[in-house]
Amino acid sequence: MESLYQTWPWYLSGFLIGAVMMVLIFFGKTFGMSSNLRSLCTIAGAGRYADFFNFDWKSQRWNLAVVFGAMIGGFVAVHYMSDPSNVAINPKTIEQLHTLGFEAPGGKLAPDSMFGPAAFQSPKTIAILLVGGLLIGFGSRYAGGCTSGHAIQGLSNLQVPSLKAVIGFFVGGLIMTWLLFPLIF
């Protein structure tokens with residue numbers, strides 16, 4: 001039982017993700033988180049304003065359960081199953097965060113000033129979150145799916161467009177991390 005509270009090794013997590021993907025492929029289902037935003041907008045009545053939202057969302061009910069399960073699972077993991085003593089962050093990373101004006105995470109994966117309640121006290125951080133959310137939403141729609149849909153589902157189906165999208169995600173992440181992030185902060 002103690003192993004549930006520790007960070008899981010990559011080979012176990014990877015195996016479990018692969019097993020889930022095999023089951024989804026067997027049943028002819030596709031997986032992706034951003035497609036659920038379309039379903040939620042359709043449920044809310046967005047089909048009256050845009051034809052994109054006129055589709056049978058009930059065929060995607062199972063995928064909505066995945067989203068709600070991820071949210072509930074994340075809440076349970078953070079509040080009841082996390083053990084911050086096993087989070088080891090490279091001292092050089094902590095030094096770089098300090099150089100950018102962030103405190104040491106203190107046993108967490110990220111500092112509270114970036115991802116905690118303190119982040120919402122800064123208008124600059126709120127603006128960055130809003131612009132980032134719009135860019136992620138546009139990018140997910142433009143690329144035909146999000147990172148989970150392309151990197152997990154698309155690559156497991158050997159789809160070339162998903163490979164191109166994943167390469168784009170990595171290049172965009174490198175540009176953000178090494179060029180834009182230091183300019184913003």
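Order these peptides, 49-59, 135-145, by their mean beta-carbon neighbour count within 10 angstrom, highest first.
135-145, 49-59
Provide the gained length on full extension for the span Leu37 to Leu100, in nm with one decimal, where the gain is 0.36 nm per separating residue minus the Cα-Cα distance. Each step should come with its number before you reach the end.
On the way: separation 63, 0.36 × 63 = 22.68 nm, distance 3.37 nm.
So the extension gain works out to 19.3 nm.
Need one number: nm distance between label points at Ile72 and Leu129, each 7 Å from Cα along Cα→Cβ, rounded to one decimal.
My value for the distance between the label points is 2.5 nm.
Given a 1.4 Å probe, how much area per residue of region 1-82 is accessible, in Å²?
Here the per-residue accessible area is 74 Å².
For the chain, what is the largest minus smallest coordinate of the Cα atoms on each principal axis, given in angstrom and ordered from greatest to least?
So the extents along the principal axes, rounded to whole Å, are 49, 43, 32.
Rounded to the nearest percent, how much of the accessible area of region 1-82 (1.4 Å probe, protein heavy atoms only) is carbon and sulfur?
71 percent
Determine how large the accessible area of His79 is when every protein chain is in place; take a 1.4 Å probe and give Å² rounded to the nearest 10.
The accessible area of His79 comes to roughly 120 Å².
Treat each spin label as a single point 7 Å out from the Cα along the C-beta direction, and report the Ala19 to Tyr5 distance in nm.
About 2.4 nm, to one decimal.
In the chain, which helices (entire DSSP H runs) extend 18 Å or more along their own long axis, judged by Cα positions, while averaging at least -0.5 on the Kyte-Doolittle scale?
Within the chain the helices that satisfy the rule are 10-26, 61-80, 123-142, 160-175.
When the chain is modelled as a GNM with alpha-carbon springs shorter than 10 Å, which of Ser13, Ser39, Ser162 fluctuates the most?
Residue with maximal mean-square fluctuation among Ser13, Ser39, Ser162: Ser13.
Taking springs between alpha-carbon atoms closer than 10 angstrom, which of Ala44, Ala65, Ala151 fluctuates most in the Gaussian network model of the chain?
Looking only at Ala44, Ala65, Ala151, the largest GNM fluctuation is found for Ala44.
The values are calculated or read from the model by the stated rules, or taken from the named source; none is laboratory data. Computed from a predicted structure; not experimentally measured. A quick note on method: Cβ atoms are made from the backbone with ideal geometry, for glycine too, and the neighbour counts reach across all protein chains shown. The protein model used for the area step is the full one, side chains on, heavy atoms only, and it has no ligands, DNA or RNA in it. Shrake-Rupley method; radii C 1.70, N 1.55, O 1.52, S 1.80 Å.
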